[in-house]
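The values are calculated or read from the model by the stated rules, or taken from the named source; none is laboratory data. Owing to the predicted nature of the structure, the values given are computational and were not obtained by experimental measurement. We place every Cβ from the backbone using ideal geometry, glycine too, and count neighbours over all the protein chains shown.
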Amino acid sequence: MPEEALLSAPRRPRAVFAFAHGAGAGMRHAFMEAVSDRLVERDVAVLRYEFPYMRAGRRAPDREPVLVAAVREAVEEARRRVPDVPLVAGGKSMGGRMTSRAAVGGGLPGVVGLAFFGFPLHAAGRPSTERGLHLKDVGLPMLFLQGARDRLADLTLLEPLLEAVGPPPSVHVFADADHGFHVPKRSGRTDAEILDEACDVFARWLDGLDDAHA
């Protein structure tokens, strides 16, 4: 995996983000590229990587232990490639959830925070909090970037769940956005504007992490 991961980096990165893809599309998907480009503009290095099933061309995700191991390997690779800056980890949808699973109980040493682009709390049309119960055991600052129309994360379930998590997570909700951060024309906004806002929020969240570790 390490040699196949994609690193995008500014000249002087302020942090590095180990960025995992969602279940159905790999690290070269347009969403992954768009977020990476925007974070680099905000002086954040981004290491995109793929889970074994995606590299092998399979459609079905690997079992959780394999996914979690891949997250840990990628985090170490991000640390190696961009040393001496704060290290954060996370991902889109499933990639984010597997990162949080890897972080339980101090499982990602050296990582100072987790960021989720659309945390998948449950399957579409099947509201549940089971997939988020482990978040209380992560013990790291977390950023949740969520669409108000995300069918994989009922906010009336996610927000109360996060109230029991410490340290208190940061949650930013995008009105009219779905799980892919798409917005309808009637919203008066574009998908690009939503991603700009998401990456601005990410950068401000990093500022807070820097202040906490100052």
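Overview of results
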read-out	value
Top-ranked residue in segment 112-142 [being of a type outside the set (F, W, Y), touching a residue at least 60 places away in the same chain (Cβ under 8 Å) and assigned to a strand (DSSP E or B); ranked as surrounded by the fewest Cβ atoms within 10 Å (Cβ to Cβ)]	V112
Count of segment 98-111 residues which are under 19 Å from E64 (Cβ atoms) and either free of Cβ contacts under 8 Å to residues at least 12 places away in the same chain or not in a loop (DSSP other than H, G, I, E, B) (or both)	7
Entirely in segment 1-97, the helices (runs of 4 or more DSSP H) that have 2 or more residues that are of a type in the set (A, V, I, L, M, F, W, C) and in contact with a Leu (Cβ under 8 Å, 6 or more places away or on another chain)	30-41, 64-81
Residues of segment 1-43 that turn out to be under 14 Å from the mean Cα position of the chain (by Cα) and hydrophobic (A, V, I, L, M, F, W, C), as a count	12
Meets criteria (of a type in the set (G, A, S), under 17 Å from G180 (Cβ atoms), modelled with pLDDT under 95 and surrounded by fewer than 20 Cβ atoms within 10 Å (Cβ to Cβ)) for G105	no
Verdict on R101 being over 15 Å from the mean Cα position of the chain (by Cα) and among the basic types (K, R)	no
Any pair with Cβ under 6 angstrom, 6 or more apart, that starts in segment 59-72 at a residue that is without any contact (Cβ under 8 Å) to a residue 12 or more places away in the chain and ends at one that is in a helix (DSSP H, G or I)	D62/P52; D62/Y53
Residue within segment 132-151 that is at pLDDT 95 or above, basic (K, R) and under 23 Å from E50 (Cα atoms) present	no
Residue check for A20: buried (at least 23 other Cβ atoms within 10 Å of the Cβ), at pLDDT 95 or above and in contact with a Phe, Trp or Tyr (Cβ under 6 Å, 6 or more places away or on another chain)	no
Members of segment 143-158 found to be within 24 Å of A203 (Cα to Cα) and without any contact (Cβ under 8 Å) to a residue 24 or more places away in the chain, listed by number	L155
Any chance L157 is modelled with pLDDT of 95 or more and either buried (at least 22 other Cβ atoms within 10 Å of the Cβ) or part of a loop (DSSP other than H, G, I, E, B) (or both)	no
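Yes/no per residue for (1) aliphatic (A, V, I, L, M); (2) more than 20 Å from F17 (Cα to Cα); (3) part of a helix (DSSP H, G or I):
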{"residue": "F144", "(1), (2), (3)": "no, no, no"}
{"residue": "V183", "(1), (2), (3)": "yes, yes, no"}
{"residue": "R186", "(1), (2), (3)": "no, yes, yes"}
{"residue": "R189", "(1), (2), (3)": "no, yes, no"}
{"residue": "L195", "(1), (2), (3)": "yes, no, yes"}
{"residue": "A198", "(1), (2), (3)": "yes, no, yes"}
